[in-house]
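Novice: Would you mind keeping the following structure in view while I ask a few things?
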Amino acid sequence: MIKSKLRLSVAVFTALLFVGCGNDDVSSDGNINSGDNEKVIKLIPQTEGTQSYLFYGNTKHSALGSLKNARVVDPNSPDTLVLSNDDTTNVSYPVLSTSLEYNASTNSYKNLHVNTLGYVSGNNPYQISMVKGTTTPVAIAHSTDTNISSPSYTKIDYLGSKQYMSAKNAAGDSILITPDMSATDTALAFENKKLLALSYASFGAATDGYIVYDSNASGNSTKQIQKCTLDLTCTNIKEVTSKYKFIGDIGGTTQSAFDVDGHFYKLDKATGTLNELVVGIATPMDGTVATKAIRAAASSYYFSGDSIYFIDASHNISRYNITTGDHKYISSNGKTDRIRAFTNDMVIYGPTDSEMYAVKKDGTSATAITIAMATKTGGLKYPY
């Protein structure tokens, strides 16, 4: 995940640098003509809301995937460095956090922008404000902890993308560094814990705590899913006998979905209330009713939006809506070994890389749409 973010940051910056290079003619409107009336269209700068800087790093050739510096530039003047950390040590784990404004009355978002850049250099965590302002951005120590080891980020999407760092401090104790910490804040003790989600009184409200997994609650080897305050005073939500899985947050609500010991639950993060999802009646697309326990296919399921998607023994997909409890089949061609992707209203799936199909999430499509099919002589075909 970290490497993919790094590649994206470098790719975006590289694209900005190389737009306009080459022998193509530039038209009077500033666009680049490249034969056959193709054009490279300049990105229109954001004119409203918060303006952000860009980040890139030069790779360290002796350690593939790591950086030897962290550089911040103004996209309006990419040749001028706003900040450069040319540390003699490498720059590890660069991550970008974003922020946005949420309007509860219209359930809409605006003003999405890059908020901070975080990284580790010389075994110390740093954070840089990426918001354009009257002051030049500087790298600031991210908490009072120095000489950290085993750093790892947990990305949580809530009113933007937040990055929480877990690490070991100089004494070897596990700690949690939150995005809001400054150079004067001490990291939180985080022994045996794993961050799963944030808690808040209502969607759009300020964060008031965390949902965590504790593998050694109270030091007695009891495994628990817990609701914690901002200072990590924690209470038990659910004990875990053998295994658990945090399935995901239900967007626009305070709800999250969990799989605990093969049972599915809905958690209200605001109150810490956990309710098991009821056994459903799955309705096939032909209208007949077939009983199907919601846990029958627990080994093969996916999550998107507010629903869990199961693949059954017949290689078909059923959908369980966590909010309404509706459970029905949405595919019937027996071609599902795994789900490949979700769009706003479609599920993309296929038995192999040679076959790809799509069905409506709500189960209204009578038959699956074939979107790709490989043939022995013709290669991959796209019938649509």
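Novice: Which of the trypsin sites (Lys or Arg not before Pro) found in the stretch 236-265 are in a DSSP loop and have at most 14 neighbouring Cβ atoms, other than their own, within 10 Å?
Specialist: Within the stretch 236-265, the qualifying trypsin sites (Lys or Arg not before Pro) (loop, at most 14 other Cβ atoms within 10 Å) are LYS243.
Novice: With a sphere of radius 14 Å drawn around the Cβ of THR273, what net charge do the other residues whose Cβ falls strictly inside it have (Lys, Arg +1; Asp, Glu -1)?
Specialist: Once positives and negatives cancel, what remains is +2.
Novice: At 0.36 nm per residue, and after removing the present C-alpha to C-alpha distance, how many nm does the segment from ARG338 to GLU276 gain when stretched out fully?
Specialist: That pair, ARG338 and GLU276, stretches by 19.8 nm at full extension.
Novice: Also, I was wondering about something else. Expressed in nm to one decimal, what extension gain is obtained for the pair THR80 and THR323 from 0.36 nm per residue of sequence separation less their Cα-Cα distance?
Specialist: Net length gain for the segment: 82.4 nm.
Novice: To continue, here is another question. Efficiency by 1/(1 + (r/R0)^6): what FRET value for ALA171 and THR229, r their Cβ-Cβ distance, R0 = 22 Å, to the nearest 0.05?
Specialist: The formula returns an efficiency of 0.40 here.
Novice: Leaving ligands, DNA and RNA out of it, report the carbon-plus-sulfur percent of the accessible area of the stretch 95-217 at a 1.4 Å probe.
Specialist: The C+S portion of the solvent-accessible surface of the stretch 95-217 is 49 percent.
Novice: Between MET373 and TYR109, what FRET efficiency follows from the Cβ-Cβ distance if R0 is 41 Å, with the result rounded to 0.05?
Specialist: 0.60
Novice: On full extension of the chain, what length is gained from GLU239 through SER314, given 0.36 nm per residue of separation minus the C-alpha to C-alpha distance?
Specialist: This chain segment gains 23.7 nm when fully extended.
Novice: So, in nm, how far is label ASN192 from label LYS360 when the simple model puts each one 7 Å beyond its Cα toward the Cβ?
Specialist: Distance between label points: 5.1 nm.
Novice: Next up: Please work out the FRET efficiency for the pair THR154 and ILE348, using the Cβ-Cβ distance as r and a Förster radius of 30 Å; give the result to the nearest 0.05.
Specialist: Efficiency computed from Cβ-Cβ geometry: 0.65.
Novice: Kirkwood Rh over Cα pairs of the stretch 118-236 into Stokes-Einstein at 10 °C, 1.306 mPa s: D in µm²/s?
Specialist: In µm²/s, the coefficient is 104.
The values are calculated or read from the model by the stated rules, or taken from the named source; none is laboratory data. Keep in mind that this is a model prediction, so the values were computed, not measured. Don't worry about glycine lacking a Cβ; one is built from the backbone with ideal geometry, like all the others, and counts go over all protein chains shown. The area values use the complete protein model at the heavy-atom level, side chains included, leaving out ligands, DNA and RNA. Shrake-Rupley method; radii C 1.70, N 1.55, O 1.52, S 1.80 Å.
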